[in-house]
1. Here are the criteria: (1) loosely packed, with under 12 Cβ neighbours inside 10 Å; (2) touching a Pro at 6+ places or on another chain (Cβ under 8 Å). Tell me which single one Val210 does not satisfy.
2. Please list, ordered by residue number, the strands (runs of 3 or more DSSP E) wholly in region 166-282 having 2 or more residues that are among the acidic types (Asp, Glu).
3. What pairs come out if I take residues in region 234-259 that are modelled with pLDDT of 95 or more and pair them with residues that are part of a loop (DSSP other than H, G, I, E, B) and among the polar types (S, T, N, Q) whose C-beta lies under 7 Å away, six or more apart or interchain?
4. Taking the options Val45, Val58, name whichever one is farther than 21 Å from Asn175 by Cβ, among the β-branched types (Val, Ile, Thr), at pLDDT 55 or above and not in a loop (DSSP other than H, G, I, E, B).
5. Tell me, which residue of region 213-233 that is touching an Asp or Glu at 6+ places or on another chain (Cβ under 9 Å) and modelled with pLDDT under 95 is surrounded by the most Cβ atoms within 10 Å (Cβ to Cβ)?
6. Could you list, in sequence order, the residues of region 260-275 that are open to solvent by 20 Å² or more (accessible area, probe 1.4 Å) and in contact (Cβ under 8 Å) with a residue 12 or more places away in the chain?
7. If only one of Gln170, Gln201 is among the polar types (S, T, N, Q) and farther than 18 Å from Gly271 by Cα, which one is it?
8. Please verify whether Asp190 is closer than 30 Å to Lys77 by Cβ and either among the charged types (D, E, K, R) or open to solvent by less than 20 Å² (accessible area, probe 1.4 Å) (or both), treating the condition exactly as stated.
Amino acid sequence: MSRGIRKTGIFIAIMLTVVVLTGCQIAKKDESGQAKEELYGAYAVVGDRIPDGKIAGVKDKKGFVHFKKIKGYFLYKYMPEKDTVSMDGDPQLTHFNFVSNVDGQMDDKNNITSKEKEQKVKATMYVQETKGIVTTSLGMICKRSDGTVYLKNADGFMGCASVQDFGKGQSMTLNFSSDVGDKKISYEVDFKADRAVKKIQIIEMNKDDVKIKKTAYISPKIKQYQMQKDTAYVIINEQLIGMKGQTINRQKIHSAKKNFTYKWKQLGDDGVLTPTDLKFKK
């Protein structure tokens, strides 16, 4: 296991990396020659540590896995068609990225062939900025040949990082790697501190900069907002939640020449932010 530590100001952004030799016992085969277990995905947790041992999970119709004993967010990679790689996960995980590192080699006939050495699966999760200690964890999900799944810490890897005073713009990155035959696969989640939106006020303005409609401060959990016919632009006054729970005011302006989408982050009970859309219709 190797660990690298980066410092930015007084904040320590922690990058934990591990090469797992046994992993989900992918190299062990049953009598039919099929792998008994395989690495199925990663599980990101905020505010808690993933316990030791194997935690049984349930896979839903979408292929997502969740666990009763610990609340977290699922991320995985799959290949629904030949030579096609797709990624999916809970909506709290965003900015999916898949990278395949390939080496060129020469065969017996002096032709260049390619050989995949490593696959990297990445995603981002936003966490409410917080005064005090914030803990993040990342575990590996394994699938058995009978279809059952379980969560575990990567062998030799604590899979956890904590930081004091997690402020906006700061981040913690956790990842693990596992050898699969002659190549390696790794999962990485970047936990980024940001601010949730608590309430918004909507002000509609016409082309002469005259206010034609103004709402009270409302919850942005509504899915759609109908603008006036003469609205030229919209002012959105936001009330954000700061590090100490205080209200921070911010203003955004959107052109209303056509429909647009206002994007905000909704706060969950565990401090995780869910990117959410509010559609403005003309």
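1. (2)
2. Strands (runs of 3 or more DSSP E) meeting the threshold: 183-194.
3. Within 7 Å, the pairs are Ala256/Thr231.
4. The conditions single out Val58.
5. Step by step, filter region 213-233, then rank; the result is Pro220.
6. Phe260, Thr261, Lys263, Lys265, Gln266, Leu267, Gly268, Asp270, Thr274, Pro275
7. Unique residue meeting the criteria: Gln201.
8. Yes; evaluated as a whole, the condition is true for this residue.
The values are calculated or read from the model by the stated rules, or taken from the named source; none is laboratory data. All of these numbers come straight from a predicted model, not from anything done at the bench. Glycine also receives a Cβ, built like all others from the backbone with ideal geometry; neighbour counts cover every protein chain displayed. Surface areas here come from the heavy atoms of the whole protein model, side chains and all, with no ligands, DNA or RNA. Shrake-Rupley method; radii C 1.70, N 1.55, O 1.52, S 1.80 Å.
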